[in-house]
Amino acid sequence: LGQAGHAARHIDQAQHTAAAVTPDAVPGWLGEWHPAHTGAVCAHATAALAATTGSDTDLAGAHERLTSATDQLDQASRTRALALCQTRLALLHHDHGDPEEADRWAEQARVTATDLRSARVDQHLTTIDARTSAPPG
């Protein structure tokens, strides 16, 4: 809606609220509670905000949150979430002129996604490949 400040505040509020949740207070019907997963969702939202605003501050925030999420997500139980963060980092770096870092994150995503069945991860990797093979300009 063109209200980047409101979006950023909502992302921060979601992250803050999630940090206050204690795993034993989560009802069983909700499934397992992983704060890192909420962090990943907020990281993706921050990356979308950075893509919209083009702000260096938003870009730095997205990079920080996505990197933090990749450090905290358990590959054994959150493989899809981890691969999505890695592909988002690759796209973020590619779009902001850092092809070496983009390639590094894309390769990590490919390794993480081995034996993973995820249409979204596959679509992100296809997008990365298309952007990498496209002529500059």
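The values are calculated or read from the model by the stated rules, or taken from the named source; none is laboratory data. Computed from a predicted model, the values in this text were never measured in an experiment. Positions of Cβ are backbone-derived with ideal geometry, glycine not excepted, and every protein chain shown enters the neighbour counts. Areas reflect the complete protein model, heavy atoms only, side chains present, ligands, DNA and RNA absent. Shrake-Rupley method; radii C 1.70, N 1.55, O 1.52, S 1.80 Å.
Largest GNM mean-square fluctuation across H96, H37, H63, computed for the chain with C-alpha springs under 10 Å, falls on H96.
Ranking V26, V21, V41 by solvent-accessible area of protein heavy atoms (1.4 Å probe, all protein chains present), from largest to smallest, gives V41, V21, V26. What a 1.4 Å probe finds exposed on the chain is 54% carbon and sulfur by accessible area, rounded to a whole percent. Rounded to the nearest 10 degrees, the angle from helix 56-72 to the longest Cα principal axis of the chain is 60 degrees.
Averaged over its residues, the chain has an accessible area of 61 Å² per residue, based on protein heavy atoms and a 1.4 Å probe. Here the dipole of the chain is about 380 debye; that uses its Cα centre as origin and unit charges on the Cβ of Lys and Arg (positive) and Asp and Glu (negative). Ranked from largest to smallest solvent-accessible area, with a 1.4 Å probe on the protein heavy atoms, S133, S68 come out as S133, S68. Treating r as the C-beta distance of A20 and A48 and R0 as 35 Å, the FRET efficiency rounds to 0.90.
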